[in-house]
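Novice: Sending over a structure as structure tokens; questions will come in a sec.
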Amino acid sequence: MLPERFDIVISGAGFAGVALALALRQAADGALTVAVLDRAKPGAATADLRAFAISAGSVHLLQALGIWPLIESEAQPVTAINITGGKLESPIRQTLLSYDNHTEFGEPASYIVPAARLRDALMVTAQAAGLVIIPETMPSQLTVTSGGIEIVCAGCQTFSAQLGVASDGRRSSLRDLAGIKTVGWTYPQTAIITTVAHSELHNGVATQHFLEAGPFAILPLTGGHRSSLVWTEATAEAIRVMALNDADFLAALEQRFGGILGTLHLDGPRAAQPLDMHLSRSLASGRVAVIGDAARGVHPIAGQGLNLALRDVAALTETIIDTARLGLDIGAPEAMHRYERWRRFDGAMSAAAMDGLNRLFSNDNPALRAAREAGLGLTDRLPGLKDFFVAEAAGLTGAVPKLLAGELP
Ligand SMILES: Cc1cc2nc3c(=O)[nH]c(=O)nc-3n(C[C@H](O)[C@H](O)[C@H](O)COP(=O)(O)OP(=O)(O)OC[C@H]3O[C@@H](n4cnc5c(N)ncnc54)[C@H](O)[C@@H]3O)c2cc1C
């Protein structure tokens with residue numbers, strides 16, 4: 001059977017893969033043919049209990065793709081961020097840093113959005129746009145020639161394309177088939193994710209409370225009285241916590257809240273996710289570009305993985321569209337180098353920064369404690385530095401691709 005032919009084949013119909021396919025469809029006005037493969041069965045995904053911190057740049061991209069109106073009513077603007085520290089048993093939460101979370105244009109630098117709503121909105125938009133998404137399909141062989149690629153999928157059809165994109169997550173098959181190596185390690189930490197209701201209003205404030213085992217993040221949800229939690233804990237302790245009955249689990253949460261936000265109630269199930277980190281040694285090789293978690297998996301300490309993935313989407317879309325408009329080969333080394341140069345520094349620096357932050361904060365070494373308190377105290381007194389951090393977290397620094405400014409390339 002002849003291979004099925006597309007201009008671009010994307011492996012992985014997650015957040016990054018579907019956003020890229022939609023961006024290409026809209027920017028090229030249908031002139032490029034795109035297929036998205038995913039190893040999962042349709043509807044097989046387990047419930048995603050997380051809520052994502054989405055930066056202003058990511059919001060602009062979602063607006064440009066028509067996805068934002070579908071989730072806006074459930075997106076809570078983050079008005080301010082409080083970073084606190086102190087020992088678990090201490091009743092006092094020492095504020096290390098607090099800042100207003102608006103960009104220089106007065107828009108919120110980030111929003112909190114339920115992950116499941118974002119996934120639904122991407123899929124609804126993909127369906128309405130008639131995107132080709134092929135489930136239960138996983139690349140098992142890759143052949144690269146000077147004119148294109150051929151992807152053989154285990155037990156099913158073969159695809160040919162000018163360009164392949166690996167967006168198939170941390171254990172990406174297409175990245176591995178393209179010979180791109182990764183470096184990485186696992187953390188002795190697990191994230192516990194759940195939702196709580198609280199008697200006091202959060203007023204849009206997000207809190208990151210640093211404890212010895214890792215950060216305890218309280219992320220405000222719409223309505224004022226609910227928050228999503230990402231509790232990073234030592235893995236052995238996380239296993240114990242996950243087995244607690246609801247009353248004991250609630251008591252453990254109350255101890256970590258330290259009285260802020262009033263009386264707490266559990267408002268949903270809990271989930272646990274072991275944490276690791278990796279970085280691809282390259283973002284492109286032989287007509288395959290790598291985006292999202294396939295390119296890097298970062299610690300969730302600052303809620304940046306998806307934002308980095310959407311920055312990849314924006315830069316790769318613009319690279320492909322500019323190349324196609326010039327009538328050039330979208331998978332040629334020149335295009336791949338441009339994408340790689342655009343995204344390499346930001347991705348690698350962010351992964352290193354998240355890793356460094358986690359190491360600095362997730363322990364009780366007195367010297368490191370003094371260093372982080374001094375560092376944050378200094379930032380608190382230097383408004384210019386805080387503004388820089390807000391702009392950086394908003395994804396609006398450096399050479400910003402058009403989609404992050406809300407425009408199609
Ligand atoms: C606890 C936690 C909290 C987080 N909070 C935030 C946050 O607040 N803000 C933020 O920006 N980021 C956050 N992240 C990071 C975010 O979840 C990821 O960066 C994001 O999901 C990456 O999207 P992706 O599309 O690259 O990968 P995925 O979402 O992993 O999608 C990969 C897709 O590929 C498919 N697939 C997998 N293997 C194959 C294969 N071999 N062949 C074909 N298909 C395959 C999968 O079925 C899936 O559909 C958090 C992460 C964790 C763990």
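Novice: So in segment 256-283, with the set limited to residues that are among the polar types (S, T, N, Q) and part of a loop (DSSP other than H, G, I, E, B), which one is surrounded by the fewest Cβ atoms within 10 Å (Cβ to Cβ)? Don't jump to the end; show me each part of the working.
Specialist: The first filter runs over segment 256-283 and keeps only residues among the polar types (S, T, N, Q), leaving 263, 273, 280, 282.
Now restrict to residues that are part of a loop (DSSP other than H, G, I, E, B): 263, 282.
On the way: Thr263: 10, Ser282: 18.
Ranking the qualifying residues of segment 256-283, first place goes to Thr263.
Novice: Specify which of the listed residues (Thr194, Thr137, Thr143) is within 15 Å of the ligand (Cβ to nearest atom), at negative phi and part of a strand (DSSP E or B). I'd like the intermediate steps shown before the answer.
Specialist: Numbers: Thr137 fails: part of a strand (DSSP E or B); Thr143 fails: within 15 Å of the ligand (Cβ to nearest atom).
Answer to the selection: Thr194.
Novice: So, one more: Pick out, from segment 284-399, the helices (runs of 4 or more DSSP H) lying fully within it that include 2 or more residues that are within 16 Å of the ligand (Cβ to nearest atom), at pLDDT 65 or above and touching a helix residue (DSSP H, G or I) at 6+ places or on another chain (Cβ under 6 Å). Break it down stepwise before answering.
Specialist: Values: elements: 305-325, 333-361, 366-381, 383-393.
So the answer is 305-325, 333-361.
Novice: Follow-up question, since we're still on this one. Name the single residue, out of those in segment 11-28 being closer than 20 Å to Arg325 by Cα and among the small types (Gly, Ala, Ser), that is surrounded by the fewest Cβ atoms within 10 Å (Cβ to Cβ). Can you show your working first?
Specialist: First, pick out the residues of segment 11-28 that are closer than 20 Å to Arg325 by Cα: 20-28.
Now narrow it down to the ones that are among the small types (Gly, Ala, Ser): 21, 23, 27-28.
Numbers: Ala21: 27, Ala23: 25, Ala27: 23, Ala28: 20.
Ranking the qualifying residues of segment 11-28, first place goes to Ala28.
Novice: Continuing with this model, one more query. Restricting attention to segment 29-74, which residues are in contact (Cβ under 8 Å) with a residue 40 or more places away in the chain, surrounded by fewer than 21 Cβ atoms within 10 Å (Cβ to Cβ), out of contact with any Lys or Arg (no Cβ under 7 Å at 6 or more places or on another chain) and not in a loop (DSSP other than H, G, I, E, B)?
Specialist: Those that are in contact (Cβ under 8 Å) with a residue 40 or more places away in the chain, surrounded by fewer than 21 Cβ atoms within 10 Å (Cβ to Cβ), out of contact with any Lys or Arg (no Cβ under 7 Å at 6 or more places or on another chain) and not in a loop (DSSP other than H, G, I, E, B): Gln63, Leu70, Ser73.
Novice: Here's a follow-up. Could you please find all residues in segment 264-278 being within 13 Å of the ligand (Cβ to nearest atom) and not small (Gly, Ala, Ser)? Don't jump to the end; show me each part of the working.
Specialist: Applying the first criterion (within 13 Å of the ligand (Cβ to nearest atom)) to segment 264-278 yields 270-278.
Residues satisfying the conditions are Arg270, Gln273, Pro274, Leu275, Asp276, Met277, His278.
Novice: Those residues that are near the ligand (Cβ under 6 Å from one of its atoms) and either at positive phi or aliphatic (A, V, I, L, M) (or both), I need them from segment 34-53; list them, please. Quick ask: steps written out before the conclusion?
Specialist: From segment 34-53, those near the ligand (Cβ under 6 Å from one of its atoms) are 37-40, 50, 52-53; that's our starting set.
Listed by number, the residues that qualify are Leu37, Ala40, Ala53.
Novice: While we're here: Among the listed residues Ser173, Ser160, identify the single one that is within 11 Å of the ligand (Cβ to nearest atom) and either crowded, with 16+ Cβ neighbours inside 10 Å or within 19 Å of Asn82 (Cα to Cα) (or both).
Specialist: On the way: Ser160 fails: within 11 Å of the ligand (Cβ to nearest atom).
Of the residues listed, the single one that is within 11 Å of the ligand (Cβ to nearest atom) and either crowded, with 16+ Cβ neighbours inside 10 Å or within 19 Å of Asn82 (Cα to Cα) (or both) is Ser173.
Novice: Next question. In segment 233-260, which residue that is within 16 Å of the ligand (Cβ to nearest atom) and touching a helix residue (DSSP H, G or I) at 6+ places or on another chain (Cβ under 7 Å) is nearest to Thr79 (Cα to Cα)?
Specialist: The residue in question is Glu233.
Novice: What do you reckon, is Ile8 crowded, with 17+ Cβ neighbours inside 10 Å, in contact (Cβ under 8 Å) with a residue 40 or more places away in the chain and more than 15 Å from Leu118 (Cα to Cα)? Steps first, please.
Specialist: Details: crowded, with 17+ Cβ neighbours inside 10 Å: yes; in contact (Cβ under 8 Å) with a residue 40 or more places away in the chain: yes; more than 15 Å from Leu118 (Cα to Cα): yes.
In short, yes.
The values are calculated or read from the model by the stated rules, or taken from the named source; none is laboratory data. Source: prediction; values computed, not measured. As a convention, Cβ positions derive from the backbone with ideal geometry for all residues, glycine included, and neighbour counts pool all protein chains shown.
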